[in-house]
Ligand SMILES: Nc1ncnc2c1ncn2[C@@H]1O[C@H](COP(=O)(O)OP(=O)(O)OP(=O)(O)O)[C@@H](O)[C@H]1O
Ligand code: SF4
Ligand SMILES: [Mg+2]
């Protein structure tokens, strides 16, 4: 029964179109002791108009997965296996010039750190205009006008006057909004937001989430939102993927995940939420231990060394991500959880 | 449940100021830098308009007024051939600036090109450039210059002479060009490695900054990223290095001329004036003091200016 899930059932009766489909993506880093796996054959997908939340501890490979799809990995880190299909084309095999059209034009990025992700010696307006001129063939004047509109769209007061500001003249929250505006500049089909609110305080975080929600509904795009903070995105996302050590350990519609978290790691994540509001720590206090370092992954389930429910099979075989409920839309990579849910 | 008050992220409403104007404001507040800038500007002005400023021809000898002490008619006195020292110091400024600017220009050109290529492309190109840099830096400057002078000066002079005899073009009579060629060439040859290292390090560090990845994620081409993201961000430290480098080049030119491997008499150079003055300083201290003081002033001024620019162009450190 456990193995009868090689074919993925479609999650909902509505005909849904895959926008992004990542299959078996493996990322390795060159170390002194040879290559070490950081992301191990990850599968991800995002449908048109869908918002996917990705959660997981720091260092589990969330950012690298997103960067690797767009072939933006730093030196010494590379994709060794797998494909990343966007609108039916494999980004890994695409020519550089085609890929440049996808980057910024069809896929917008919002980066983790607004303090260092803007060019310090270029005015905000120019940084916004750059993709518009390049992808949309706008004139400088048109691009400037549109840049002003974008800044207004993301709620920057005195938008037009801000075009001539340099990044260091803006506060963190304003810079984050500028980053969002840049990500949205070309009306992308997919927006990838990599922890866009970590640097901000709670009220601003909520504002940014609302803002992206608004824009998504207005522009009809798909969104991938990466975060540590499950509670923050509960109202924003349709579906959540929980990442652990470079693999998806649970994939579920947002309500199902909160109502019925199945993977022991997800349960730990949810248990630590009340503490998050107190001190906004990203440590998982309810789960002891640390995730495996790249190159030192256990042979069986990657979570086994920390798992309170681990059995002997967990140390021998790697559980695959399989549908357990919601017509297969709720999937989990855990032997114990799968057994329990099938019994129920 | 603690909620951080909203005021912790204020919306700053100061007027936008350009980064360069910002830097200028900071520079103006630094007294040493302003002093350095003022001296540099005065010296540059002197170098540029030297011929209109000199009260006497720097070559004209007046054997009736030799070794005069400073006076109103000869501000810095006269030397053992009765030449006006003030005029010669002014011409020395011309020499110093000419050499410093040309040498720094060549050195920056070589250094920036090699450094940027090494930093951007890495690999074997980087290894070759770094090896060249280390090689050049490990050869004692003076030795290299002496060797170049000794081995090239007479062949070039002889070639010039033969060209003159063949063409009768007076250009080939001007041995001063040989001097300058050798001085420029050998000094540029020893001056480029620091620029190459600086630019390489800059490019390496900038290349891994998040805003470069962000620019790539926008689909911008490598050319645009290099021109508008990498180079402008590397410019600040380079300007600082060039400013300090100009001063260093002046000192170097003087040092070589002092040792007789730089600009040769009768072309005035602070270095050969100091060398002449040193022989008689007990009797005529002004012959040593005047060029030495101006050289010292120039060196200090450019070093202050470089430091000031360093602070001024680093807005993140200052704010
Ligand atoms: N430039 C790099 N050089 C070396 N190792 C890296 C680099 N970037 C990431 N890593 C390693 O790859 C792993 C995954 O990193 P990644 O940035 O994808 O994590 P993340 O899930 O985004 O974490 P965070 O929540 O802190 O952003 C980490 O163990 C990290 O140490
Ligand atoms: S497979 Fe075993 S070790 Fe892994 S999470 Fe499930 S129970 Fe824990
Ligand atoms: Mg990250």
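The values are calculated or read from the model by the stated rules, or taken from the named source; none is laboratory data. What you see is a predicted model; the values in this text were computed from it and never measured. Every residue, glycine as well, gets a Cβ built from its backbone with ideal geometry; the counts of neighbours run over all protein chains shown.
One line per residue, one yes/no per condition, for (1) exposed (fewer than 15 other Cβ atoms within 10 Å of the Cβ); (2) at pLDDT below 90:
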site	(1), (2)
A:249	no, no
A:253	no, no
A:258	no, no
A:275	yes, yes
A:288	yes, yes
A:291	no, yes
A:294	no, yes
A:301	no, no
A:307	no, yes
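What do you reckon, is residue B:191 part of a helix (DSSP H, G or I), on the phi < 0 side of the Ramachandran plot and either over 27 Å from the mean Cα position of the chain (by Cα) or surrounded by fewer than 13 Cβ atoms within 10 Å (Cβ to Cβ) (or both)?
Against the criterion (part of a helix (DSSP H, G or I), on the phi < 0 side of the Ramachandran plot and either over 27 Å from the mean Cα position of the chain (by Cα) or surrounded by fewer than 13 Cβ atoms within 10 Å (Cβ to Cβ) (or both)), residue B:191 does not qualify.
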### Query
Does the stretch B:282-297 include one or more residues that are touching a residue at least 12 places away in the same chain (Cβ under 8 Å) and not in a helix (DSSP H, G or I)?
yes
### Message
Test of understanding: among A:13, A:74, A:9, A:35, which residue is closer than 26 Å to residue B:215 by Cβ and at pLDDT below 90?
### Response
A:74
### Message
For the list (1) more than 16 Å from ligand 1 (Cβ to nearest atom); (2) surrounded by fewer than 19 Cβ atoms within 10 Å (Cβ to Cβ); (3) closer than 23 Å to residue A:228 by Cα, I need the number of the one condition that residue A:333 fails.
### Response
(2)
### Task
May I ask you to list the residues in the stretch A:170-190 that are facing another protein chain (nearest Cβ under 9 Å), outside any loop (DSSP other than H, G, I, E, B) and crowded, with 22+ Cβ neighbours inside 10 Å?
A:173, A:174, A:179, A:182, A:183
### Message
What's the number of the only condition in (1) under 26 Å from the mean Cα position of the chain (by Cα); (2) at pLDDT below 90; (3) facing another protein chain (nearest Cβ under 8 Å) that residue A:197 fails to meet?
### Response
(3)
### Query
Does the stretch A:85-107 contain any residue that is more than 14 Å from every other protein chain (Cβ to nearest Cβ), more than 16 Å from ligand 2 (Cβ to nearest atom), crowded, with 18+ Cβ neighbours inside 10 Å and within 24 Å of residue A:250 (Cα to Cα)?
yes
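For residue A:148, are the conditions met, namely being in contact with a strand residue (DSSP E or B) (Cβ under 7 Å, 6 or more places away or on another chain) and either under 15 Å from residue A:123 (Cα atoms) or within 16 Å of ligand 3 (Cβ to nearest atom) (or both)?
The answer is no for residue A:148.
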### Query
Do we have any residue at all in the stretch A:231-242 that's modelled with pLDDT of 90 or more and within 16 Å of ligand 2 (Cβ to nearest atom)?
yes
### Summary
Taking the stretch A:286-305 and the residues there that are touching a residue at least 12 places away in the same chain (Cβ under 8 Å) and within 8 Å of ligand 2 (Cβ to nearest atom), the one that is nearest to the other protein chains (Cβ to nearest Cβ) would be A:302
### Query
Restricted to the stretch A:197-228, and to residues that are touching a helix residue (DSSP H, G or I) at 6+ places or on another chain (Cβ under 6 Å) and in a loop (DSSP other than H, G, I, E, B), which residue is nearest to residue A:47 (Cα to Cα)?
A:197
### Message
Given the criteria crowded, with 21+ Cβ neighbours inside 10 Å, within 16 Å of ligand 1 (Cβ to nearest atom) and modelled with pLDDT of 80 or more, does residue A:269 qualify?
### Response
yes
### Task
Can you tell me which residue among B:57, B:62 is over 22 Å from residue B:292 (Cβ atoms), modelled with pLDDT under 80 and either within 14 Å of chain A (Cβ to nearest Cβ) or in contact with a helix residue (DSSP H, G or I) (Cβ under 8 Å, 6 or more places away or on another chain) (or both)?
B:57
### Query
Can you find even one residue in the stretch A:122-138 that is farther than 30 Å from residue B:236 by Cα, in contact with a helix residue (DSSP H, G or I) (Cβ under 6 Å, 6 or more places away or on another chain) and more than 12 Å from chain B (Cβ to nearest Cβ)?
yes
### Message
Take the residues in the stretch A:108-117 that are within 7 Å of chain B (Cβ to nearest Cβ) and crowded, with 24+ Cβ neighbours inside 10 Å; name whichever of them is nearest to ligand 3 (Cβ to nearest atom).
### Response
A:111
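Looking only at the stretch A:112-127, count every residue that is within 16 Å of ligand 1 (Cβ to nearest atom) and within 21 Å of residue A:159 (Cα to Cα) and tell me the total.
Of the residues in the stretch A:112-127, 3 are within 16 Å of ligand 1 (Cβ to nearest atom) and within 21 Å of residue A:159 (Cα to Cα).
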### Task
Provide a single number: the residues in the stretch A:301-330 that are part of a loop (DSSP other than H, G, I, E, B) and either in contact with a helix residue (DSSP H, G or I) (Cβ under 9 Å, 6 or more places away or on another chain) or within 16 Å of ligand 1 (Cβ to nearest atom) (or both).
11
### Message
Anything in the stretch B:115-139 that is within 14 Å of another protein chain (Cβ to nearest Cβ) and under 17 Å from residue B:238 (Cβ atoms)? List them, or say none.
### Response
B:119, B:120
#### Entry: Subset of the stretch B:177-204 [within 21 Å of residue A:76 (Cβ to Cβ) and away from chain A (no Cβ under 12 Å)]
B:200, B:201, B:202, B:203
### Task
Would you confirm whether any residue within the stretch A:207-225 is farther than 30 Å from residue B:219 by Cα, more than 16 Å from ligand 3 (Cβ to nearest atom) and either more than 14 Å from the chain's Cα centre (by Cα) or surrounded by fewer than 22 Cβ atoms within 10 Å (Cβ to Cβ) (or both)?
no
### Conditions (1) in contact (Cβ under 8 Å) with a residue 12 or more places away in the chain; (2) more than 16 Å from ligand 1 (Cβ to nearest atom); (3) in contact with a helix residue (DSSP H, G or I) (Cβ under 7 Å, 6 or more places away or on another chain): number failed by residue A:92
(3)
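Looking only at the stretch A:151-161, decide whether some residue is at pLDDT 90 or above and more than 9 Å from chain B (Cβ to nearest Cβ). Before the answer, list the steps.
Here is the first cut: in the stretch A:151-161, the residues at pLDDT 90 or above are A:151.
Next cut, more than 9 Å from chain B (Cβ to nearest Cβ) only: A:151.
The answer is yes; a qualifying residue exists.
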